[in-house]
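Novice: Dumping the structure here so I can ask a few things about it.
The values are calculated or read from the model by the stated rules, or taken from the named source; none is laboratory data. This is a predicted model, so every value here is computed, not measured. Every residue, glycine as well, gets a Cβ built from its backbone with ideal geometry; the counts of neighbours run over all protein chains shown.
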Amino acid sequence: MKKNILGIAEFLFAAVLTIGSFTVFKACGEHEGKFMACHWAQNAVTLIGAVTAILALVRIVFKNTGIKAGIAIGISLLSAAVIIIPGHVISLCMMETMRCHSIFRPAVTVIGALLVIIAVIDAAAGIIKSGKES
């Protein structure tokens, strides 16, 4: 359990990102039967969150510290990518007061940044540990 604490944290933050992106801090909803651009940013964030959660689960299962470090590097890169999706890669609504700007984007930024930090610490620890084993 203690060896997997960072992997468990990565999984929990990825799960919050995935579930929260279409529930608690979702982007703007349907408007007159159509979805705004922020809806597609929400979908992209949900997908990346789900992939990150799966990677975190795989990372927990493996015993080899080198493999764990490699997966943590992948998680950190995906987490960095998810931060720039809303508003940069995929546009959000025009008005800064809309839900996608005031709730969705800040939540994705904070959770994504925390995931990056945890994954970088995990990767560094794994690289150091695997260097000592060889």
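Novice: State yes or no: is residue 11 touching a residue at least 40 places away in the same chain (Cβ under 8 Å), of a type in the set (Phe, Trp, Tyr) and farther than 14 Å from residue 100 by Cβ?
Specialist: When the stated conditions are applied, residue 11 passes them.
Novice: Now a separate question. Only one of 71, 75, 60, 67 is without any contact (Cβ under 8 Å) to a residue 12 or more places away in the chain and either surrounded by fewer than 19 Cβ atoms within 10 Å (Cβ to Cβ) or within 18 Å of residue 122 (Cα to Cα) (or both). Can you tell me which? Steps first, answer last, please.
Specialist: Numbers: 71 fails: without any contact (Cβ under 8 Å) to a residue 12 or more places away in the chain; 75 fails: without any contact (Cβ under 8 Å) to a residue 12 or more places away in the chain; 60 fails: without any contact (Cβ under 8 Å) to a residue 12 or more places away in the chain.
So the residue among 71, 75, 60, 67 that is without any contact (Cβ under 8 Å) to a residue 12 or more places away in the chain and either surrounded by fewer than 19 Cβ atoms within 10 Å (Cβ to Cβ) or within 18 Å of residue 122 (Cα to Cα) (or both) is 67.
Novice: What's the number of the condition residue 26 fails, among (1) within 25 Å of residue 128 (Cβ to Cβ); (2) of a type in the set (D, E, K, R); (3) in contact (Cβ under 8 Å) with a residue 60 or more places away in the chain?
Specialist: So the condition that residue 26 fails would be (1).
Novice: Restricting the first residue to the range 122-134 and requiring it to be among the hydrophobic types (A, V, I, L, M, F, W, C), which pairs with a second residue that is surrounded by 11 or more Cβ atoms within 10 Å (Cβ to Cβ) and at pLDDT 95 or above meet a Cβ separation below 7 Å and a spacing of at least six or different chains?
Specialist: Once the first residue is among the hydrophobic types (A, V, I, L, M, F, W, C) and sits in the range 122-134, its partners that are surrounded by 11 or more Cβ atoms within 10 Å (Cβ to Cβ) and at pLDDT 95 or above give 123/69; 123/72; 123/73; 123/76; 127/69.
Novice: Can you tell which of 80, 50, 41 is surrounded by fewer than 20 Cβ atoms within 10 Å (Cβ to Cβ), under 19 Å from residue 103 (Cα atoms) and touching a helix residue (DSSP H, G or I) at 6+ places or on another chain (Cβ under 8 Å)?
Specialist: Among 80, 50, 41, only 80 is surrounded by fewer than 20 Cβ atoms within 10 Å (Cβ to Cβ), under 19 Å from residue 103 (Cα atoms) and touching a helix residue (DSSP H, G or I) at 6+ places or on another chain (Cβ under 8 Å).
Novice: Looking at 101, 88, which is the one that is touching a Cys at 6+ places or on another chain (Cβ under 9 Å) and either farther than 23 Å from residue 128 by Cβ or among the β-branched types (Val, Ile, Thr) (or both)?
Specialist: 101
Novice: Determine if the range 95-113 includes at least one residue that is in contact (Cβ under 8 Å) with a residue 24 or more places away in the chain and outside any helix (DSSP H, G or I).
Specialist: yes
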